[in-house]
1. In 10 Å bins starting at zero, report the fraction of Cα pairs in the chain per bin as a rounded %.
2. What order do you get for 121-134, 5-18 when each peptide is scored by the mean count of other beta carbon atoms within 10 Å, highest first?
3. Using +1 at the Cβ of each Lys and Arg and -1 at the Cβ of each Asp and Glu in the chain, identify which of G152, G75, A141 lies farthest towards the dipole's positive end.
4. How high is the relative contact order of the chain, in percent, with contacts defined as C-alpha pairs under 8 Å that are six or more residues apart?
5. Can you compute the charge dipole magnitude of the chain about its Cα centre, using +1 on each Lys and Arg Cβ and -1 on each Asp and Glu Cβ, nothing else charged? Give it in debye, rounded to the nearest 20.
6. Given the rule -39500 (n - 2.57) for each run of at least 4 DSSP H residues, summed and divided by the residues of the chain, what is its mean residue ellipticity at 222 nm, to the nearest 500 deg cm²/dmol?
7. Got a number for carbon plus sulfur as a percent of the chain's accessible area, 1.4 Å probe?
8. Go through L119, L108, W18 and say which Cα lies farthest out towards the positive end of the charge dipole of region 1-129; charges sit on Cβ, +1 for Lys and Arg, -1 for Asp and Glu.
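The values are calculated or read from the model by the stated rules, or taken from the named source; none is laboratory data. For clarity, every value in this text was computed on a predicted model and none was experimentally measured. Cβ placement follows ideal geometry from the backbone for every residue including glycine, while neighbour counts extend to all protein chains displayed. Heads up: the accessible areas ignore ligands, DNA and RNA and are worked out on the full protein's heavy atoms, side chains in. Shrake-Rupley method; radii C 1.70, N 1.55, O 1.52, S 1.80 Å.
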Amino acid sequence: MAGSTAPARHYVATRDGWRITLHHRPPPPDGHDAPVVLCHGMGSNRYNMDGPGRCSLARFLQARGYDVWVLELRGAGHSRRLLRLPPVPYRWTFEDHVHHDVPAALGLLRQLTGRTRFLWVGHSLGGMVAYASLMTPLADAFAGVVTLGSPGMTDVGHESIDRW
């Protein structure tokens, strides 16, 4: 499969002191250059979207002309907390992914690609991060969102829940 070489690795610092990693698989010369961000699920890393052997959504999309960026959220793969003195606890919340990781990653992608809008494919947690990001000022950065195995979101009021 085309693009079977290791992807280039890029790092960006978040506002709260993490270094987030993006793995880049550029489009082939005849590709259409549409940037796609692939985001892993909970308890996973880049291999969730770019596995070894034949199991790689990233290489599949790259071979079809996409500019593929595999995001590793904080605590996954090559993403790390930057050194802080005094040390701070090694923990984070879902909101940290939405309000720190995604803005840092999309900011770097805007610099590197010159684009302002991106396609997003998220597996499980990666899809939920996209849902939540669509409710922030970054919503315009999403040209489209595809979720794989992510729980659906609904606007259920307390009245509906109380009837159960």
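1. Per 10 Å bin, starting at 0, the Cα pair percentages come out as 10, 39, 33, 13, 5, 1.
2. In decreasing order of mean packing, 121-134, 5-18 become 121-134, 5-18.
3. Selected residue: G75.
4. Contact order relative to length: 24 percent.
5. 660
6. Dividing the helical sum by the residues of the chain leaves -5500 deg cm²/dmol.
7. Whole-percent figure for carbon plus sulfur exposure: 57.
8. W18
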